[in-house]
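Notes to accompany the following structure.
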Amino acid sequence: MGWMWAVGAAWLLLGAGIALLIGRSIVFADRKSAHRDAEAAEVTVQRPPLTLLPKPPAAPPEPSPPRPAGREAPTIPGLPSARPPVGRPPVPRIKRHRPPRRSSGA
């Protein structure tokens, strides 16, 4: 039982040491990045102003094909139906065969 306490204490110390090492490396990386960003901000590049090209004339809209009705009708214009076609029609309730339920009694 004593060795278990010793391993647990060593594990705890090792974990705390690794956490401190990772935290310290993050602080150093942040300082280095902030220093690098401060140096880079002093340089400015002057560019000529942008010129926009005129828009080409719009083409007349094309006539859309007639929309299907019923199950194949799209729910949102331009998107296919949310319900894909099924392989076969559903079985009517009258023709369904369900096995009788078993009672829980022995």
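Readers should treat all values here as calculations from the given coordinates under stated rules, not as data from a laboratory. Values in this document were obtained by computation on a predicted structure and should not be read as measured data. Note that we place each Cβ from the backbone using ideal geometry, even for glycine, and neighbour counts take in every protein chain shown.
What the table below lists for this structure:
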{"read-out": "Chain lengthening between His35 and Trp11 when straightened (0.36 nm per residue, less Cα-Cα)", "value": "5.0 nm"}
{"read-out": "Debye equation applied to the C-alpha atoms of the stretch 1-41, log10 I(q)/I(0) at 0.26 Å⁻¹", "value": "-0.80"}
{"read-out": "Simple spin-label estimate for Arg24 and Trp3 in nanometres, 7 Å along Cα-Cβ", "value": "3.3"}
